Amino acid sequence: MSRDLLFDRFGVGATSFLPFTIPSFYLDTMVYTIIVHLKAKDLESADKIASKLVEAAAVYRKDKEQLAWMVHRDPKDPLKFAIVERFENEASQKYHLENPYWKTFDPFVVPLLDGPMDLTRWEEMPVSVPNQDSAQFALSVPQ
């Protein structure tokens, strides 16, 4: 994301309210995140989905420009799952979609679901202090 695009979104001088300067490196490498929520039809389907998600994570974590592919199960409702996919940028999804495994995922999982997957797309917000989950840290670690 360019500095101009950030200004277009929030108004010229929008970063003046921040207590820190956003480095241009960060603006050019905005982490792109996809969060998917799924709900299984029943416990048997949920167990199959859980196995497939663990298998998928092992495959997708190796994709080029993939920063993270995390799977979660709701501790209060074993039928509910969440997937968090983090990419270097929006264009990085192409490597994920080109992975041959991707073509096997939906045909296996969709029939086991109670409804459609809820997929949302996000851009990571700049924070003045990087941590192990931030774009600054993730993009500085050699792959």
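The values are calculated or read from the model by the stated rules, or taken from the named source; none is laboratory data. What you are looking at is a predicted structure, and each value in this text was computed from that prediction instead of being measured. Side chains are part of the model used for accessible areas, which takes the heavy atoms of the whole protein and leaves out ligands, DNA and RNA. Shrake-Rupley method; radii C 1.70, N 1.55, O 1.52, S 1.80 Å.
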Residue-normalised accessible area of the stretch 60-109, given per residue in Å² at a 1.4 Å probe: 59
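Go through K76/K103; K41/K64; K41/K62; K39/K64; K39/K94; K48/K80 and tell me which ones have a Cα-Cα distance over 21 Å in this structure.
Details: K76/K103 31 Å; K41/K64 33 Å; K41/K62 30 Å; K39/K64 28 Å; K39/K94 26 Å; K48/K80 13 Å.
Result: K76/K103; K41/K64; K41/K62; K39/K64; K39/K94 exceed 21 Å.
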